[in-house]
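Reading through the structure tokens given below for one structure.
The values are calculated or read from the model by the stated rules, or taken from the named source; none is laboratory data. This structure is a prediction, so every number in the text was calculated from the model and none was measured. In this analysis, Cβ positions are derived from the backbone assuming ideal geometry, glycine residues included, and neighbour counts consider all displayed protein chains. Accessible surface areas use protein heavy atoms only, side chains included; no ligands, DNA or RNA. Shrake-Rupley method; radii C 1.70, N 1.55, O 1.52, S 1.80 Å.
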Amino acid sequence: MALALEWAAKGMYITAPNPRIGCVIVRDGEVIGAGHTQPAGQAHAEIQAMRDAQARGNDVRGATAYVTLEPCSHYGRTPPCSNALIEAGLGRVVAAMVDPNPLVAGRGLAQLEAAGIAVSSGVMADEAYELNIGFFNRMRVKKPWVRLKTAASLDGMTALDSGESQWITSPEARADGHAWRARAQAILTGIGTVKADDPQLTVRGIDTPMQPRRVIVDSRLEIDLGARILQGEPCWIVAAQASPEKEAALRAAGHEVIMLPNSSGKVDLPALMLELGRREINELHVEAGGKLNASLVREGCVDELLVYLAPSLIGPGQGMFALPPLARLQDKFALRFHGVQQVGPDLRILARFNHQEKE
């Protein structure tokens, strides 16, 4: 299963909206075939592994398949993998996890068992869960897994009061941040960041065939049509107040304007998360300023913080979250540390909000 997970990771940047799945087929302790899920509409991991076995001249009848997620049992973009495994005569199938997709949810394993194939699940489930945390979240709550990235000094500042922020963290931390960007299907920022930094918000330095969709929260459609973020692939601009001329200009340039107002005339952020889930975004990577960061946290839209801390002090400046003062300490936003690692001279901290408990 560890090897199957390594194969699954090979599909990190290509499988969305499908999960990243790996499969290895074993006979007498020897791997006779292996593969990972291809881009949507192409072969799943099990099919790739069986094709690999055939190309090597190996017969899979009676062999054991280790797969990082329960084989699908429904017709989607491709036929069911469970049928293919039965037809190929596999003797045993070991799955890391049951598929949370309501269209599968145990039916694949049940179908295999009914056909006389020995099945089991729950092997290295935690590792399999982490690899596809966004897909599982979307299946469970119809929203992407939202990872908010920020970089700060040890005293919690993301920039000087003047706005100067390049660079608080190291080249190693910035390269690591691009790897996290690359695994997301969309990157979200706010109009404040677009105005202040004029970012591209593309993945650079990582060999990925797909750039994440860029999503801009811009309530009043203030974005400059010459902004760098509007160059290249089309963006989704999320607004709350109509501006027919600006909307027409953005659409003419190939971008999509999504109107999602709340009662205060701002973008309805929880509704945006549901809309992104509907658009099959598994993982959403947020790189925004303190105001939008705080709004996303206050409205319960963030699952995980990705924080890079540099070993420096810069004094008063701009903070990570422009949260209002709390009246009581017990009203704090509680998180738990999920991982801490040194990246170059900096620390990378993954912390998850306590509303996110794995089922």
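For the chain, what is the mean residue ellipticity at 222 nm derived from helices alone (per DSSP H run of n ≥ 4: -39500 (n - 2.57); sum divided by total residues; nearest 500 deg cm²/dmol)?
It comes out at -8000 deg cm²/dmol, rounded to the nearest 500.
Using θ = phi - 60° and the Karplus form 6.51 cos²θ - 1.76 cosθ + 1.60, what ³J(HN,Hα) does each residue of segment 203-212 get, whole Hz, x for Gly and Pro?
For segment 203-212, the Karplus curve yields 7, 10, x, 10, 7, 10, x, 10, 8, x Hz.
If you plug each phi of segment 116-126 into the Karplus form 6.51 cos²θ - 1.76 cosθ + 1.60 with θ = phi - 60°, what whole-Hz ³J(HN,Hα) values come out, in order, with x for Gly and Pro?
Once rounded to whole Hz, the list reads x, 8, 5, 10, 7, 8, x, 8, 6, 5, 4.
Could you work out how much longer the chain between Leu326 and Ser263 gets when fully extended? Use 0.36 nm per residue separation minus the Cα distance between them, nm to one decimal.
Between Leu326 and Ser263, full extension yields 20.3 nm more.
Taking N as the number of residues in the chain, what is its alpha-carbon radius of gyration divided by 2.2 N^0.38 Å?
1.10
If you roll a 1.4 Å probe over the heavy atoms of the protein chains, what accessible area per residue do you get for segment 69-145, in Å²?
Per-residue accessible area for segment 69-145 comes out at 42 Å².
Taking N as the number of residues in segment 204-344, what is its alpha-carbon radius of gyration divided by 2.2 N^0.38 Å?
Ratio of Cα Rg to 2.2 N^0.38 Å: 1.21.
Rounded to two decimals, what ratio of Rg to Rh does segment 272-322 give with C-alpha atoms and a Kirkwood Rh?
Computed over Cα atoms, the ratio is 1.06.
Whenever you get a sec, compute what percent of the accessible area on segment 288-359 sits on carbon and sulfur atoms (1.4 Å probe).
57 percent
Stretch Ala271-Lys195 to full length: gain in nm at 0.36 nm per residue minus the Cα-Cα span?
24.9 nm
Ignoring ligands, DNA and RNA, please state the percent of accessible area on segment 106-193 from carbon and sulfur, probe 1.4 Å.
Solvent-exposed carbon and sulfur of segment 106-193 make up 52 percent of the total.
Write down Rg/Rh for segment 1-130, rounded to two decimals, with Rg from the C-alpha atoms and Rh from the Kirkwood relation over Cα pairs.
0.92
Can you give me the accessible area per residue for segment 277-319, using a 1.4 Å probe, in Å²?
On a per-residue basis, 37 Å².
For segment 125-170, which trypsin sites (Lys or Arg not before Pro) are in a loop by DSSP, counting at most 13 other Cβ atoms within 10 Å?
Here the trypsin sites (Lys or Arg not before Pro) that fit, given the DSSP loop and packing criteria, are Lys142.
Size of segment 78-203 along its principal axes in angstrom, Cα-based, largest extent first?
68, 26, 23
Given 5 Å bins starting at zero, what is the percent of C-alpha pairs of segment 123-163 in each, up to the one with the largest pair distance?
Over segment 123-163, the share of Cα pairs per 5 Å bin runs 5, 19, 15, 14, 10, 10, 14, 10, 3, 1, 0 percent.
Among all the lysines, which ones have a C-alpha under 18 Å from Lys266's C-alpha, if same-chain residues fewer than 8 places away are not counted?
Excluding near neighbours in sequence, the set is Lys195, Lys246, Lys291.
By a straight-distance test (C-alpha under 16 Å), which lysines pair with Lys143 as possible cross-link partners, with residues fewer than eight away in the same chain excluded?
Those lysines meeting the cut-off are Lys358.
With every atom except the alpha carbons ignored, what do you get for Rg and Dmax of segment 22-97, in angstroms?
Both quantities, over Cα of segment 22-97: 11.2, 34 Å.
Restricting to bridges with both residues inside the chain, how much of the DSSP beta-bridge set is antiparallel, in percent to the nearest 5?
DSSP beta bridges in the chain are roughly 45 percent antiparallel.
Among Pro324, Pro212, Pro199, determine the one that fluctuates most according to a GNM of the chain built with springs between C-alpha atoms less than 10 Å apart.
Pro324
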